[in-house]
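Since the structure comes first, as C-alpha cells, the remarks are kept for the end.
The values are calculated or read from the model by the stated rules, or taken from the named source; none is laboratory data. All figures in this text were calculated on a predicted structure; none of them were measured in a lab. Note that we place each Cβ from the backbone using ideal geometry, even for glycine, and neighbour counts take in every protein chain shown. In case anyone asks, the SASA skips ligands and DNA or RNA and just uses the protein heavy atoms, side chains included. Shrake-Rupley method; radii C 1.70, N 1.55, O 1.52, S 1.80 Å.
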Amino acid sequence: MPTALDELNLESFNKSIRKYRGKNGSIIPLLQSAQDIFSYVPEQVIEKIAIATNSHVSTIYGVVTFYKQFRLKPVGKHIIRVCQGTACYVNSAKEVYEVIKNKLGIEEGENTEDGLFTLQSVACLGCCSLAPVIMIDDETYGSLTPEKTEKILDEYINREGEVK
C-alpha cells in the first residue's frame with residue numbers, strides 16, 4: 001500500500017500549488033486539494049502551503065484546526081459514524097457503539113491497524129426515525145441492534161479482507 005506522501009500524490013499536489021500560487025484566498029482551496037489527495041493534511045504539505053501562500057505555518061495550522069472538515073491524521077478507507085443524538089441514545093446507540101469498538105478493536109477517533117476503518121462518534125446524523133443509526137462512508141444503516149451491526153461490519157470485512 002503506497003504511503004500518503006508517495007511521489008504520485010506529491011506531484012498531484014504540486015499541480016495544485018502551481019494553480020493557486022500567489023492568488024489571494026488560496027489557503028482553503030489548497031487545504032481541500034491536499035485532503036482530497038492524501039485523505040488528510042500532512043505536516044509536510046502544511047509547510048508547502050505556507051511557502052506557496054507566503055504565510056506562517058502557524059497560520060495554516062490555525063485554518064486546519066478551525067474548520068472541522070480538515071483532518072491532521074490519516075483516516076481509514078471506511079469511516080464509521082455512530083450517532084449519539086437523543087433518539088439514538090435512548091434506542092441503545094451505546095450498545096451498537098460497543099459492538100463496533102469490540103469487533104474492530106478501536107476506540108473513538110482511531111483507525112484499525114489495516115487502515116480499513118475509522119470510528120467516529122457524532123452528535124446527530126439527522127435520521128431520528130431510524131434510531132439507532134450509523135453511517136459507513138455515505139451509506140446509512142438504521143433500526144440497528146447489536147446483531148444487525150455485527151452483520152453489517154462482517155459484510156464490509158468480508159469484502160475488504162480480515163481486520164487485523
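Which entries in the list K68/K103; K77/K103; K23/K68; K94/K151; K77/K151 go over 21 Å, if you measure between the two C-alpha atoms of each?
Table pairs above 21 Å Cα-Cα are K68/K103; K23/K68.
Using a Gaussian network model of the chain with C-alpha springs under 10 Å, which one of G115, G85, G62 is most mobile by mean-square fluctuation?
Residue with maximal mean-square fluctuation among G115, G85, G62: G62.
To the nearest 20 debye, what charge dipole does segment 78-163 have about its Cα centre, counting +1 at the Cβ of each Lys and Arg and -1 at the Cβ of each Asp and Glu?
Dipole magnitude for segment 78-163 comes out near 400 debye.
May I ask you to give the solvent-accessible area per residue for segment 60-100, in square angstrom, as obtained with a 1.4 angstrom probe?
On a per-residue basis, segment 60-100 sits at 57 Å².
How much of the DSSP beta bridge set in segment 39-158 is antiparallel, as a percent to the nearest 5?
Of all bridge pairs located within segment 39-158, approximately 55 percent are antiparallel.
Over the chain, what portion of Cα pair distances is larger than 30 Å, expressed as a whole percent?
31
Give the cross-link partners of K19 among the lysines, using a straight C-alpha distance below 18 Å as the criterion and excluding same-chain residues fewer than 8 apart.
K48
Which value in Å does the Kirkwood hydrodynamic radius of segment 60-143 take, with 1/r averaged over all unlike C-alpha pairs and then inverted?
Kirkwood radius, segment 60-143: 13.4 Å.
Tell me which aspartates and glutamates have Cα within less than 20 Å of K15's Cα, excluding those fewer than 8 residues away on the same chain?
D6, E7, D36, E43, E47
Per residue of segment 118-127, what does 6.51 cos²θ - 1.76 cosθ + 1.60 with θ = phi - 60° give for ³J(HN,Hα)? Whole Hz please, x for Gly and Pro, Karplus curve as stated.
Computed from phi, the couplings for segment 118-127 are 10, 9, 10, 9, 10, 5, 6, 9, x, 10 Hz.
Hydropathy first: keep DSSP H helices in the chain averaging at least 0.0 on Kyte-Doolittle, then drop any whose Cα extent along the axis falls short of 15 Å, and list what survives.
Membrane-span-like by this criterion, though nothing is claimed about a membrane: 27-38.
Which residue, Y89, Y141, Y67, tops the fluctuation ranking in a GNM of the chain built on C-alpha contacts under 10 Å?
Looking only at Y89, Y141, Y67, the biggest GNM fluctuation is shown by Y67.
Against the globular-protein guess of 2.2 N^0.38 Å, express the Cα radius of gyration of segment 7-66 as a ratio, rounded to two decimals.
Rg over 2.2 N^0.38 Å, computed on Cα atoms: 0.98.
Per DSSP H run of n ≥ 4, the term is -39500 (n - 2.57); total these for the chain, divide by its residue number, and report the mean residue ellipticity at 222 nm rounded to 500 deg cm²/dmol.
Calculated from helices alone, the mean residue ellipticity at 222 nm is -14500 deg cm²/dmol.
Provide the per-residue ³J(HN,Hα) series for segment 107-117, in order, calculated from phi with Karplus coefficients 6.51, -1.76, 1.60 and θ = phi - 60°, each as a whole number of Hz, with x at glycine and proline positions.
3J(HN,Hα) across segment 107-117, in whole Hz: 10, 3, x, 9, 10, 5, 4, 7, x, 7, 10.
Normalised by the number of residues in the chain, what is the relative contact order in percent for Cα pairs under 8 Å and 6+ residues apart?
19
How big is the gap, in Å, between the Cα center of segment 26-75 and the Cα center of segment 86-164?
Comparing the Cα centres of segment 26-75 and segment 86-164, I get a distance of 28 Å.
How much of the accessible area of the chain, in percent, comes from carbon and sulfur atoms when a 1.4 Å probe is used?
50
Using amide H atoms built in the peptide plane, which far-off residues or other-chain residues are under 5 Å from F117 H to H?
K77, H78, T112
Solvent-accessible area of D36, probe 1.4 Å, all protein chains present, reported in Å² to the nearest ten, please.
Estimated to the nearest 10 Å², D36 gives 130 Å².
Mind ranking R21, R71 by accessible surface for me, highest first, 1.4 Å probe?
R21, R71
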